[in-house]
Each structure stands twice: as structure tokens, then as C-alpha cells.
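The values are calculated or read from the model by the stated rules, or taken from the named source; none is laboratory data. On a predicted model such as this, the values are computed, not experimentally measured, just so you know. Cβ placement follows ideal geometry from the backbone for every residue including glycine, while neighbour counts extend to all protein chains displayed.
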Amino acid sequence: MSQLPRPNSKVSTRSSTLRRSRPFPWWGLVLMVVGAGLIVIYNQRPSLWAGPWAKAIYPGLGSLLILWGLWTIAHDVGQVRSRSSRDGWTGYHVRMPAEAAVFLGIMIVLFLGALLGKANMLVLVFGLLAGPFVLNGSITLTMLRKTRCHRVVPERASAGDVFSVDLTLYNGKRWFASWMMEVHDSLRSAREHLQPAILFTRVPPKSQRTGSYQLRLAYRGLYELGPLQVSSRFPMGMMERVVDVGDVQQLIVYPQVGHLTTLWHHSSSFNNELVTQPRSRKGAFDDEFHQLREYRRGDNPRAIHWRTTARRNTLMVREFHQNRDQDLQLIVDLYLPDRPTPQELARVETAVSFAATVCLEHCRQAGESRLSLGVSGRTEQEWQGLAGALAIDPVLELLGLVEAGPAMGLNHLCDSLESRLEGPTRRVLISTRGSAVTPAAKSSNGAGLHAAAPLQVIAADQFAEYFFMADE
């Protein structure tokens, strides 16, 4: 059986509505606390500070640390706000890693020991530790300055397939490179949440670097991507700054597509619409062997070519093809009880994949035929139009977003689609119910299915006879 093409996906973009978080520079607060502590303790116990210059140095040093802390907080907040508007940041966060929390705890212990133990040398050691802590915050903010990121989502994506997403990091600074920049992405749906990340070791000035990550999404449906988060802990990892960049994108993941068995093509309701003559020869290479093949289980015995069978001593059958002017009307009954079991949930996904495969196969072989699709689940949805390449996107999009439910409007949907029949049409009902319920013409509300027109019913326990996935 020929490989089915992968369906297309649609990506829509909307602006992020995230509220910008207020930055909090911890290093400025540390400087203010240290400075205030020096002044308070000196005023309470001046005898601890011996020496002729103690009265000038320690209060002055405390005042200087307080002013430095205030300036750091004001300058940091001002820089973040101006860069948020200029660089397109939609959010800003400050995180303290576990290593930084341990480092800050050591600083606090040294400071308390210096004050209570009358050890001026510990105050000097504390100052040596506080300096890199403050410097790391300034360098990290510089790394994020004039940084932008762009995401490229592939046009084709379906459940179960592996695809790549490209992330491009731009460094707009003129002189300084960006080091150790980590870009975090997120994909969220009703049943799945992924958080991929890419590390860019160095992005030169006025340059860009592109990385990619691969995904295999397990479920169909609507996924939300973003916003992208660019973070940096360079150079010492004591404080991590995170900025949100880019818009939030939405990706519709189509159902997984499988294969149809021979029984589907040669079922009794389908054989009435087959052309009983082999394909016409169109060239020098379109000889007998292109129109005959070996017999496979499920083939119609009437299609056996006895002359070639006798010559080859192997059963050979004629290749028949479907009338390209034949319309297809497909009804999908996605019934799901209020408290479904895992097996019932799996039936729904199999039915959706089965329907997607049937629609895709019909669109590939369509001439001037029409395709009608009706889905009954939580709500009732319909699509009608000419079959062909242009019909693949809207049909698979509908099947990707549909949700199972009580299917209360199944009768009305069947009547509505049957009333619009035009010409020879194959009508198929794919149902998640068992064969004991569906052929008996029962629905969830107790009413019977309308069966005035020929309708081929395929129940949940018959899916394996008509449809299988590639990995099965």
C-alpha cells in the first residue's frame, strides 16, 4: 500500500497578554541591609569599633552601602522598564538558584559573625563576597540587553510524527557578545504540557544563532506555544534573570493517519460502485503486469485472471479502481459516556484517525467527486465541498479539534446529510459504539438511526478489519 502524505497544519499567532512582573533586585536590598546594620550596631555599641578612624569609616561605609543599594534598585528598575519597551520584552522575572541561596546564606552568617564576634576581618570577607554578587546581577542584565528570539513552527505536524521547531536568538548589541543564553519554550494542550529548552553558548555582537528541538506530540488538538523565555546566569550563576519575548502561537495538530485494509476497498457496499474493467493502457510501459498482481487475502474471487494464473501457476487478480466521480459521505459517531474508561478514550482516537485516513484517501483519488463529513460528539459539525488537495486542510482541522461526547444530535445529522445526496454516493458511519448497539439502530437518547438510504456501519470492534496504524 502506498504511503499516505502527511497532513498540513495551521499556525495562528496572537499577541501575548502576560502581565509584566515587577523586578526585585536582591543585591540592592542586601547592600541596604548591610549598611543599615553597620550604622545601627555602631550607634548601640561604639566600643566595639576601636581606632581613631572608626567614627568616620564605619558610619560612612554604612551610609555609602545604603546609597549604593538605593541607586542599584532604582537603576535596575529603570533599565528593565526601558529595555522592556525598547527590546520587546513582554515579561521580566528574577530567580535565585539554589546555589545563589546557599551563597547568600554564607554571606549572612559571615555578616552576623562579624557583628557579634567583634571580628573586623569577617566584615572585609563579607564585602569581598557581596561585590561579586552585585556584579553578577549587572552583567546578567547586560547579557539580555537587545536580545530577541524568533520561533519557526513547521507547516506539517500530526500526532505521533516527529517534527522540529527552530529557535533563532538575535544579539543586537554592538560590542558585547551574549554568553550562556538559555531559551525556554512551552507547549500546552488540554492533555499535554512540554517545556523544551535550547542553550546558546555564545552569540557574537550583531549576529544570530539558530537551534532546534524535536517533538513527538502524542495527542491531536490545539496546542499553545510560548511565550519564549530567554534566561542567563552568566558569569557566576548567582542570580538568574528571565525575560519573555515573542508572541504566543497556536498550532493545530492533526490526527494520526494510518492505512486502509483490502476489506475496505472490496466491501460489498463499495463494490457496487467499482468499475469492472481494468485501467486503460496509456503508454508503452503500461503492460499486463502493471494491471495484474498476486492474490491477497480478502480479494474478490471474481477478479481472478485465470489465463495469467494458469501461465504463472499463481493466483493473479485484476486491479480495479474506484470511480473518481463517486461521492463520499462520512459520518463519525464519537459517543463517549460521562465517565469513560481508558479503552473508550482509545476508541475515540482510533475512530478519528480512521476517519482522517478515509478522507485523505478519498481526496487523493478524487476527480470531480464531493466529500461530506459530519461529526457528532460533544457538538455536531459538518463540512462539505469538492474532494481534492484543497479539502485536506479543513477536513483534518475539523477532525483535529473535534471532541467526543453524548452525540445527542446523531439522528438529525444523518437526516441532514442524507437529504443533500447528489448522484452515486457511498455512505459510511464510523461509530465508537459496539456492534451490539450500532447495527440495532440505537443512539444515546434511545431514538433509532435513520437508515432510508444505504448506510455502511462500522462499529468500534470492527475497526481492525478496515483500518490499522503503521506501527501495528
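Please tell me if Gly423 is free of Cβ contacts under 8 Å to residues at least 24 places away in the same chain and over 26 Å from the mean Cα position of the chain (by Cα).
The answer is no for Gly423.
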*Residues of the stretch 202-223 being of a type in the set (Lys, Arg), assigned to a strand (DSSP E or B) and surrounded by 14 or more Cβ atoms within 10 Å (Cβ to Cβ), which ones?*
Arg209
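Yes/no matrix, rows are residues, columns are (1) part of a strand (DSSP E or B); (2) modelled with pLDDT of 75 or more; (3) farther than 20 Å from Gln365 by Cα:
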residue: Ala284; (1), (2), (3): no, no, yes
residue: Gly298; (1), (2), (3): no, no, yes
residue: Val317; (1), (2), (3): yes, yes, yes
residue: Phe320; (1), (2), (3): no, no, no
residue: Leu330; (1), (2), (3): yes, yes, no
_The listed residue being modelled with pLDDT of 80 or more, farther than 18 Å from Asp247 by Cα and not β-branched (Val, Ile, Thr), out of Phe163, Phe111_ = Phe163
*Within the stretch 149-201, how many residues are exposed (fewer than 15 other Cβ atoms within 10 Å of the Cβ), of a type in the set (Asp, Glu) and in a strand (DSSP E or B)?*
1
*How many residues, within the stretch 201-217, are out of contact with any Ser or Thr (no Cβ under 6 Å at 6 or more places or on another chain) and closer than 15 Å to Ser186 by Cα?*
4
*How many of the residues making up the stretch 393-417 are closer than 21 Å to Arg433 by Cα and of a type in the set (Asp, Glu)?*
2
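Could you list all residues from the stretch 373-392 that are charged (D, E, K, R) and either assigned to a loop (DSSP other than H, G, I, E, B) or at pLDDT below 90 (or both)?
Arg378
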*Counting just the residues of the stretch 354-372 that are in contact with a strand residue (DSSP E or B) (Cβ under 8 Å, 6 or more places away or on another chain) and outside any helix (DSSP H, G or I), which one comes out surrounded by the fewest Cβ atoms within 10 Å (Cβ to Cβ)?*
Glu368
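Within the stretch 265-272, can one find any residue that is assigned to a helix (DSSP H, G or I) and modelled with pLDDT of 70 or more?
So far as the stretch 265-272 goes, yes, one or more of its residues are assigned to a helix (DSSP H, G or I) and modelled with pLDDT of 70 or more.
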*asked:* Please go through (1) within 32 Å of the chain's Cα centre (by Cα); (2) modelled with pLDDT of 65 or more for Thr90 and return the number of the only condition it doesn't satisfy.
replied: (2)
